[in-house]
1. Right, residue 94: touching a residue at least 12 places away in the same chain (Cβ under 8 Å) and surrounded by 10 or more Cβ atoms within 10 Å (Cβ to Cβ) or not?
2. Among the residues of segment 26-47, which ones are part of a loop (DSSP other than H, G, I, E, B) and surrounded by 12 or more Cβ atoms within 10 Å (Cβ to Cβ)?
3. Going by what's in this entry, would residue 60 be described as part of a helix (DSSP H, G or I), touching a residue at least 40 places away in the same chain (Cβ under 8 Å), in contact with a helix residue (DSSP H, G or I) (Cβ under 9 Å, 6 or more places away or on another chain) and farther than 28 Å from residue 219 by Cβ?
4. For residues that are buried (at least 16 other Cβ atoms within 10 Å of the Cβ) and farther than 24 Å from residue 290 by Cα, scanning just segment 192-229, find the one that is modelled with the highest pLDDT.
5. Considering every residue within segment 116-139, establish whether at least one is surrounded by 15 or more Cβ atoms within 10 Å (Cβ to Cβ), free of Cβ contacts under 8 Å to residues at least 12 places away in the same chain, under 30 Å from residue 269 (Cβ atoms) and under 26 Å from the mean Cα position of the chain (by Cα).
6. Do we find a residue being touching a residue at least 40 places away in the same chain (Cβ under 8 Å) and assigned to a helix (DSSP H, G or I) anywhere in segment 184-194?
7. Any residue at all in segment 255-271 that is within 18 Å of the chain's Cα centre (by Cα) and surrounded by fewer than 17 Cβ atoms within 10 Å (Cβ to Cβ)?
């Protein structure tokens, strides 16, 4: 009985210390989330800013009955998968190279963190100037080499791919930092045993490095996947969803519906669909990771 009472006291003490932080989170995150949920099931618009009458799931049914919503969802999945795969592959390659580098490693890390430290809006403005069709330095270099100029952000066939490349350029450094920390923490004994057994460098990488990096890789992928699903800054500055709707991701669809279409309720409903998708992907990914472990 004394043991259980001591455990109860420690549990109550823990909750007492955690209560201020949990209360702050509930106020700063819980209240806006609950209010947004109320808006998504209401009839509130910018022209009629009243919650009542409540419509239930009618707003969700309305947006999900539109082809543009599914188009935006497909683009969001395509954009997110392409950027996360690119960031992880390039980031892993750079992290492996930095692991073998002994000289000037802090300098390389400092250079790599520059894109990550920049605001997405600033990055978008810089690349918008670089990719300007007539005066941008990228097209100037292409024409100087005898190649035709490219309308990087004005062509519906390559605008999304251009945004993917810009996003990878900025966000890869974050993946490099995470994977480099993971590589630095790996034990040395398995590699020494593998060398004694005559394993090649590729076999060591495939059978030792990748399995041991699985937890940190999962964290990097999940964080980046969440970031990419809610990408908004790059779209707004670079293309505003254009040309046409070729780069209108779900986050920008929600913005347009809420503030340009004046339908706050439907915009919030689209944002909640995006939130539920991200939560579902996160849960499934971690369940798969635990199952493999």
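1. So residue 94 passes the test.
2. So the first thing to find is which residues in segment 26-47 are part of a loop (DSSP other than H, G, I, E, B), and the list is 41-47.
Once the filter is applied, which keeps residues that are part of a loop (DSSP other than H, G, I, E, B) and surrounded by 12 or more Cβ atoms within 10 Å (Cβ to Cβ), segment 26-47 yields 41, 42, 43, 44, 45, 46.
3. Working: part of a helix (DSSP H, G or I): yes; touching a residue at least 40 places away in the same chain (Cβ under 8 Å): yes; in contact with a helix residue (DSSP H, G or I) (Cβ under 9 Å, 6 or more places away or on another chain): yes; farther than 28 Å from residue 219 by Cβ: yes.
Criteria met by residue 60.
4. 194
5. no
6. Yes: one or more hits.
7. Scanning segment 255-271, I find no residue that is within 18 Å of the chain's Cα centre (by Cα) and surrounded by fewer than 17 Cβ atoms within 10 Å (Cβ to Cβ), so the answer is no.
To keep it simple, each residue is scored yes or no on (1) over 15 Å from the mean Cα position of the chain (by Cα); (2) in a helix (DSSP H, G or I).
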{"residue": "203", "(1), (2)": "yes, yes"}
{"residue": "221", "(1), (2)": "no, yes"}
{"residue": "224", "(1), (2)": "no, yes"}
{"residue": "227", "(1), (2)": "no, yes"}
{"residue": "236", "(1), (2)": "yes, yes"}
{"residue": "245", "(1), (2)": "yes, no"}
{"residue": "253", "(1), (2)": "yes, yes"}
{"residue": "286", "(1), (2)": "yes, yes"}
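The values are calculated or read from the model by the stated rules, or taken from the named source; none is laboratory data. Fair warning: this is a prediction, and the values are worked out from it, not measured in the lab. With ideal geometry, Cβ positions are generated from the backbone for all residues, glycine too; neighbour counts draw on all protein chains shown.
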